[in-house]
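Enquirer: Before I ask anything, let me first share the structure, which is written out below as structure tokens.
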Amino acid sequence: MYKHKDLMELKELTADEINFLLDTAVPMKEVISRPIKKVPTLRGRTVVNLFYENSTRTRSSFEVAAKYLSADCINISSAASSVAKGESLYDTARTLQSLGADVIVVRHPMSGAPHLLAQVVKAAVINAGDGTHEHPTQTLLDLFTVREHRGEIAGLTVTIVGDILHSRVARSGIWGFTKLGAEVRVCGPPTLMPPGLAQTGARVFYRLEEALVGADVVMMLRIQKERQQQGLFPGLREYSRLFGLNRERLALAKPDALVLHPGPLNRGVEIAHDIADGPAAVIEEQVTNGVAVRMALLYLLTGGGAHSEADY
Amino acid sequence: MKLIIKGGRLVDPASGRDEMTDVYVQDGIICTRFVPDKSTEIVDAAGKLVAPGFIDMHVHLREPGYEAKETIATGTAAAARGGYTGVACMPNTNPVADNRFIIEFIRKRAAEEGRVSVYPIGAITRGSRGEELAELGDMRDAGAVAFSDDGRPVSDAGLMRRAMQYCKMLGAPVISHCEDQTLAAGGVMHEGYNSTILGLKGIPASAEEVMVARDIILAAETGCPLHIAHISTAGSVALVREAKKRGYPVTAEATPQHFTLTDRAVARYNTAAKVNPPLRGEEDVQAVREGLADGTIDVIATDHAPHTFDEKNVEFDLAPFGLVGLETAVGLVWTELVHTGILTPLQVVAKLSQHPARILGLDRGSLAEGSAADITIIDPVFTQTVDPEQFAGKGKNTPFAGRTLQGLPVITLRSGLCIYAA
């Protein structure tokens, strides 16, 4: 069962709740494999995509998920809205509430913004990535992808590599994979590693080779050029030498290891092209599964699950 | 005009007295016993503590410039309700209190509308920009009691050294908000496990400690009295303890939030708990309590920082730092420090009254004969739940809403006149 009004973070979910979300995504994936990818489940419901940050895949993934379920979907981006006129998030939230939104999907550059929104509106709020806090639907699709390949998450070793400090994907990943029984390792330069990670259950590595030994899943994070300008690491060339995933390094992981990347990729920086396009990479599958997972969420947060399976 | 405060327990650290005795006031001055007549007012203080009026040496009254947050009238009303008879206000107004005219303006407004005495603190540098010294001597002559670039610490060590050399001549303390901006760089809460899981940028303990160390060294070198504002980390407490052991002219204050709350209060992005310095870890709270107990920390001050509802009702990163403290401080002190046995009533009254008066050079903080009858009467068993809607101040931004406090001010007298009664 999933009893929360919103999806804010994976930290607050139980393993059972996460598994339930993933189980619900299985029939959704079947829907999107049909030639006519449309079910009437959310007809008459309104989903608002409220994006304060640029995004291609997450926004279109939510939009497609809503449309496959026959919901009406509105996209609001901060640049082309009242936000540009200085409207506060609080007032925007009240406006969307009054418009009759059933679900608000929010992406925001500041951590905790979805919490503020969720406190104001009756609509279900889905965190589509907030600052450096969490990106729960990304991890749900990662879990779904890994589960499809391995059957189970428990007992796996998952290595997350890169800018852990600024990564909401890493935080959600730590909670999600740990809760389902995987061992999570994080690896990156100390200047991009936040304090206190041991308390989350994750193990911290500074040498990629050590972090990769025996890994079942390798998740590479995007490194932003901007962090170099902030002086957080010396440069992309050195970063790539120390923390880039290439063939030699991947050989340290289990032979059937999966390589994940939340995108967009910096080819040749955190990931070599022959890895990104190679057999271990499941990056495109991640995208497809993202739609299934988001369909499941939209369905559950609008009261689905109380209905019979025949509804979809 | 005669007044007798009867049946209370006098707690007067300046004379070391802690005893059951009546207090006599005539024409606003503490005086010797007299025989009451018909016109003599009697205040029943049975079961209560009678202390020299509390002085909060760190408040933001926001006037001039930010009157939507607070004014001298509302801020001093909050002070009176909180048991204070005097407040020292920080210069980060608009315009900044960096010249004699703003100091005079504040004093004039306080004389017109202030419920309690207001002691202005002048800026160290022009506009608190940290570039050149403000006219410190001129401000001192106009009534500034100390100097501080609170909230915008002087980054340039050479400039801070010159400010201290100058203030040494003036005999005025420099109050330092210790925060190295390059280490704090954009942080919004304490750096640690909680900032990591919330995804909020951390302010490391070192951001404070580096500047505490710098300023202690400069105080030792220049001989200028240095007061460290709102000390928040275990490392800072240790530095001040060592400075005092070496006999340097250094004092320090702690706020109720820093001896009560940890960074866990920020959970769920509660902007009421966004404050600078940030709420720290459990060991830091313990260290601040130890520093209060062993005398390393001389003063309890609030850093009362009112903001409007709208300013705080935003994304955590966008919310301004600060919380209101005047109307909860005394209750927190009694609940967290006195009833727990960490400090005696004599010790807390010293930190709330005698010590701030001494550091600021005020003729206050004592109930000796001939002193101004600024008096705070505390009921140590009176219990109340914090309800910001009841605050006299404009700011309702407190992380203590809903907390039950025991030991609260019930009567505040300024020069013998009642300025607050519960």
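Enquirer: Give me the residue from the range A:80-134 that is away from chain B (no Cβ under 14 Å) and of a type in the set (D, E, K, R) and, out of that set, farthest from A:Thr56 (Cα to Cα).
Expert: For the range A:80-134, the residue satisfying everything is A:Lys122.
Enquirer: Select from the range A:219-238 the residues that are more than 28 Å from A:Arg59 (Cβ to Cβ) and buried (at least 19 other Cβ atoms within 10 Å of the Cβ) and list them in ascending order.
Expert: A:Phe233 - this is the single residue of the range A:219-238 that is more than 28 Å from A:Arg59 (Cβ to Cβ) and buried (at least 19 other Cβ atoms within 10 Å of the Cβ).
Enquirer: Does B:Phe309 satisfy being buried (at least 24 other Cβ atoms within 10 Å of the Cβ) and within 14 Å of chain A (Cβ to nearest Cβ)?
Expert: no
Enquirer: Also, quick follow-up: Which of (1) surrounded by fewer than 22 Cβ atoms within 10 Å (Cβ to Cβ); (2) polar (S, T, N, Q); (3) touching a strand residue (DSSP E or B) at 6+ places or on another chain (Cβ under 9 Å); (4) outside any helix (DSSP H, G or I) is the odd one out, the single condition A:Asn127 does not satisfy?
Expert: (1)
Enquirer: Could you tell me whether the range B:145-163 includes any residue that is within 14 Å of chain A (Cβ to nearest Cβ), buried (at least 23 other Cβ atoms within 10 Å of the Cβ) and either outside any loop (DSSP other than H, G, I, E, B) or under 24 Å from the mean Cα position of the chain (by Cα) (or both)?
Expert: No, there is no match, as no residue in the range B:145-163 is within 14 Å of chain A (Cβ to nearest Cβ), buried (at least 23 other Cβ atoms within 10 Å of the Cβ) and either outside any loop (DSSP other than H, G, I, E, B) or under 24 Å from the mean Cα position of the chain (by Cα) (or both).
Enquirer: Look through A:Val39, A:Val31, A:Val47 and report the one residue that is part of a helix (DSSP H, G or I) and not basic (Lys, Arg).
Expert: None of the other options fit; the residue is A:Val31.
Enquirer: Please go through (1) touching a Pro at 6+ places or on another chain (Cβ under 7 Å); (2) more than 22 Å from B:Ile359 (Cβ to Cβ); (3) assigned to a loop (DSSP other than H, G, I, E, B) for B:Phe105 and return the number of the only condition it doesn't satisfy.
Expert: (3)
Enquirer: Determine, yes or no, whether A:Val186 is touching a residue at least 40 places away in the same chain (Cβ under 8 Å), under 22 Å from A:Arg150 (Cα atoms) and of a type outside the set (Lys, Arg).
Expert: Taking the combined requirement at face value, the residue does not satisfy it.
Enquirer: For the condition in contact with a Lys or Arg (Cβ under 9 Å, 6 or more places away or on another chain), within 14 Å of chain B (Cβ to nearest Cβ) and under 19 Å from A:Phe243 (Cβ atoms), what is the one hit in A:Val186, A:Val217, A:Val158?
Expert: A:Val186
Enquirer: Can you confirm whether the range A:296-308 contains a residue that is surrounded by fewer than 18 Cβ atoms within 10 Å (Cβ to Cβ), of a type outside the set (Gly, Ala, Ser) and out of contact with any strand residue (DSSP E or B) (no Cβ under 7 Å at 6 or more places or on another chain)?
Expert: Yes, that holds for at least one residue.
Enquirer: Look at the range B:29-48 and say how many of its residues are part of a loop (DSSP other than H, G, I, E, B) and under 31 Å from the mean Cα position of the chain (by Cα).
Expert: The total comes to 4.
Enquirer: Can you tell me how many residues within the range A:190-218 are surrounded by 20 or more Cβ atoms within 10 Å (Cβ to Cβ) and outside any helix (DSSP H, G or I)?
Expert: Total meeting the criteria: 6.
Enquirer: Can you tell which of B:Ala73, B:Ala46, B:Ala88 is touching a helix residue (DSSP H, G or I) at 6+ places or on another chain (Cβ under 7 Å), of a type in the set (Gly, Ala, Ser), surrounded by fewer than 22 Cβ atoms within 10 Å (Cβ to Cβ) and closer than 30 Å to B:Thr255 by Cα?
Expert: B:Ala73
Enquirer: Being closer than 15 Å to B:Ile197 by Cα, among the hydroxyl-bearing types (Ser, Thr, Tyr) and more than 10 Å from chain B (Cβ to nearest Cβ) narrows it down to one residue among A:Thr178, A:Thr139, A:Thr145; which is it?
Expert: A:Thr178
Enquirer: Looking only at residues in the range B:49-67 that are out of contact with any Lys or Arg (no Cβ under 8 Å at 6 or more places or on another chain) and in a strand (DSSP E or B), which one is nearest to B:Pro345 (Cα to Cα)?
Expert: The qualifying residue nearest to B:Pro345 (Cα to Cα) is B:Ala51.
Enquirer: So, one more: Hand me the list of strands (runs of 3 or more DSSP E) wholly inside the range B:164-258 holding 1 or more residues that are free of Cβ contacts under 8 Å to residues at least 40 places away in the same chain and away from chain A (no Cβ under 14 Å).
Expert: In the range B:164-258, the matching strands (runs of 3 or more DSSP E) lie at B:250-254.
Enquirer: Only one of A:Arg249, A:Arg222, A:Arg168, A:Arg185 is within 28 Å of A:Asp16 (Cβ to Cβ) and touching an Asp or Glu at 6+ places or on another chain (Cβ under 7 Å). Can you tell me which?
Expert: A:Arg168
Enquirer: When the residues of the range A:1-58 are filtered to those that are of a type in the set (D, E, K, R), under 18 Å from A:Gly112 (Cα atoms) and in contact (Cβ under 8 Å) with a residue 12 or more places away in the chain, which remaining residue is surrounded by the most Cβ atoms within 10 Å (Cβ to Cβ)?
Expert: Among residues in the range A:1-58 that are of a type in the set (D, E, K, R), under 18 Å from A:Gly112 (Cα atoms) and in contact (Cβ under 8 Å) with a residue 12 or more places away in the chain, the one surrounded by the most Cβ atoms within 10 Å (Cβ to Cβ) is A:Glu9.
Enquirer: Okay, moving on. Mind listing whichever residues of the range A:219-239 are out of contact with any helix residue (DSSP H, G or I) (no Cβ under 8 Å at 6 or more places or on another chain) and in a loop (DSSP other than H, G, I, E, B)?
Expert: A:Arg222, A:Gln224, A:Gln230, A:Gly231, listed by residue number.
All of the numbers you see were taken from the coordinates with simple rules; none came from a lab. Because the structure is predicted, anything quoted here is derived from the model rather than measured. As a convention, Cβ positions derive from the backbone with ideal geometry for all residues, glycine included, and neighbour counts pool all protein chains shown.
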